[in-house]
Amino acid sequence: MRRLRATLLDLAHATPRDGREHTREFDTFTLGLQVWADDGHETYLAVRITGSVPPNLTVLILRNVPGCETEGW
């Protein structure tokens, strides 16, 4: 969990700098994030997971992305 949280922070901070998807490989899956803003008023998050996905991974990701409100998804 600690590695996932640290990775999410790294990816969430890296992608707005260049507008591209950034990825990180884990043991059984690859996680990709892309974040972009619309005129600074709304922020969009794209999540890509490939491979063998552990249970509840999507929920864990969304709960740990900075600024992502759990009621919003």
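The values are calculated or read from the model by the stated rules, or taken from the named source; none is laboratory data. No experiment lies behind these values; they were computed from the predicted model shown. Cβ placement follows ideal geometry from the backbone for every residue including glycine, while neighbour counts extend to all protein chains displayed. Ligands, DNA and RNA are excluded from the accessible area calculation, which covers all protein heavy atoms including side chains. Shrake-Rupley method; radii C 1.70, N 1.55, O 1.52, S 1.80 Å.
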Practice task
State yes or no: is residue 32 without any contact (Cβ under 8 Å) to a residue 40 or more places away in the chain and in contact with a His (Cβ under 9 Å, 6 or more places away or on another chain)?
Solution key: yes
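For segment 12-37, which positions are small (Gly, Ala, Ser) and modelled with pLDDT of 90 or more? Spell out the reasoning first.
Taking segment 12-37 and keeping what is small (Gly, Ala, Ser), we get 12, 14, 19, 32, 37.
Passing the criteria: 14, 32.
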Exercise for the section: Go over the candidates 35, 53 one by one and state the one that is outside any helix (DSSP H, G or I) and in contact with a helix residue (DSSP H, G or I) (Cβ under 8 Å, 6 or more places away or on another chain). Expected result: 35
Exercise for the section: Go through segment 1-49 and count every residue that is farther than 18 Å from residue 60 by Cβ and β-branched (Val, Ile, Thr). Expected result: 2
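Could you say which residue among 40, 67, 72 is modelled with pLDDT under 90, open to solvent by 60 Å² or more (accessible area, probe 1.4 Å) and on the phi < 0 side of the Ramachandran plot?
Selected residue: 72, the only one of 40, 67, 72 that is modelled with pLDDT under 90, open to solvent by 60 Å² or more (accessible area, probe 1.4 Å) and on the phi < 0 side of the Ramachandran plot.
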Handout entry: One residue from 21, 25 being free of Cβ contacts under 8 Å to residues at least 40 places away in the same chain, surrounded by 11 or more Cβ atoms within 10 Å (Cβ to Cβ) and within 10 Å of the chain's Cα centre (by Cα)
Key = 21
